[in-house]
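Please treat every number below as a calculation from the coordinates, not as lab data. Nothing here was measured: the structure is a model prediction, and the numbers come from that model. Cβ sites come from the backbone with ideal geometry, for glycine too, and all protein chains shown count toward neighbours.
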Amino acid sequence: MHPNPIFRGVEAARSLEFVRARGFGAFLVNGERVPMVAHVPFTLSEDGSLVTAHLMRSNPIARAARDGCDAVLTVTGPDAYISPDWYGVDDQVPTWNYIAVHLEGRLQTGKPEEMRPVLDTLSADFEGRMAGKKPWTMDKMTPDVAERMMRMILPITMRVTDLRSTWKLGQNKPEAVRLAAADRVAEGTGSELDALAAWMRDPP
C-alpha cells in the first residue's frame with residue numbers, strides 16, 4: 001500500500017463497505033515462481049470477517065487452498081491520471097489517484113455440497129442490485145445442466161485477518177487545489193472518472 005499515512009487513514013468499516021459494494025477482486029497466493037492470481041466475484045459477510053467465492057477445480061489457487069493457504073484479496077476502485085496543470089498552482093508533478101483495499105487471510109476450499117448455497121447467495125446479491133428486474137435464480141436452469149456445471153467448481157472462503165487500504169484522492173493538497181483537479185479529471189484517462197472526481201471532492 002502507499003506509504004503516505006494521509007492516504008491510509010480511512011476507517012476499516014468504510015473500506016469494508018467499499019469492498020462489499022465492489023464485489024469483485026483478485027486473490028493472490030504465493031506460487032513457486034511468481035504469485036498466482038485469480039479474479040473473482042465474491043460476497044463479504046456483514047462483519048467483514050469472511051469472504052466467500054468459487055473457483056474452477058483446475059485453478060492452481062483452488063488446489064493450493066485444499067489444505068489451506070495464506071492469501072490476499074485485492075479490490076480496486078476508480079482511478080485516474082492527474083495532470084499537474086489541473087491544480088492551478090506551480091511546481092506540481094504528475095500522479096495517479098486511486099482507491100485500493102487489501103484483505104489478508106486464510107483461504108480454504110469447501111465441500112462440493114456447499115456449492116449451491118454459495119452460488120445462490122452470490123447471484124442473489126448481484127441480481128438484487130438491478131432495479132426493475134426479476135432476479136435470476138438457478139431454478140431457471142435444467143437441473144442436470146446445473147449439477148454438471150457445479151461439479152466443475154469449488155466453493156472457497158477466506159477468513160479475514162487483516163485489512164489495509166489506500167484512498168489516494170489528493171488529500172495531501174490544499175482543498176482548493178484538490179477541488180480544481182477534481183473538476184478536470186473527466187478530461188483525462190483512467191477508469192470511472194466521474195466516480196473518482198466525486199471521491200476527490202469529498203474524501204472519506
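Considering (1) under 11 Å from the mean Cα position of the chain (by Cα); (2) closer than 30 Å to residue 178 by Cα; (3) surrounded by fewer than 18 Cβ atoms within 10 Å (Cβ to Cβ), say which one residue 81 fails and leave the rest.
Answer for residue 81: the failing condition is (1).
If we keep just the residues of the stretch 91-120 that are surrounded by fewer than 18 Cβ atoms within 10 Å (Cβ to Cβ), among the polar types (S, T, N, Q) and under 28 Å from residue 204 (Cβ atoms), which is nearest to the chain's Cα centre (by Cα)?
The qualifying residue nearest to the chain's Cα centre (by Cα) is 95.
Yes/no matrix, rows are residues, columns are (1) touching a strand residue (DSSP E or B) at 6+ places or on another chain (Cβ under 8 Å); (2) aliphatic (A, V, I, L, M); (3) on the phi > 0 side of the Ramachandran plot:
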| site | (1), (2), (3) |
| --- | --- |
| 119 | yes, yes, no |
| 125 | yes, no, no |
| 136 | no, no, no |
| 140 | no, no, no |
| 176 | no, yes, no |
| 179 | no, yes, no |
| 184 | no, no, no |
| 187 | no, no, no |
| 191 | yes, no, no |
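Could you please find all residues in the stretch 23-72 being under 15 Å from residue 109 (Cα atoms), more than 13 Å from the chain's Cα centre (by Cα) and outside any strand (DSSP E or B)?
Listed by number, the residues that qualify are 57, 58, 59, 60, 61, 62, 63, 64, 65, 66, 67, 68.
Output the residue which, of all residues in the stretch 68-99 that are out of contact with any helix residue (DSSP H, G or I) (no Cβ under 7 Å at 6 or more places or on another chain) and hydroxyl-bearing (Ser, Thr, Tyr), is farthest from residue 26 (Cα to Cα).
Out of the qualifying residues, it is 83.
Return yes when residue 88 is surrounded by fewer than 17 Cβ atoms within 10 Å (Cβ to Cβ), free of Cβ contacts under 8 Å to residues at least 40 places away in the same chain and not basic (Lys, Arg) and no when it is not.
So residue 88 does not fit the description; no.
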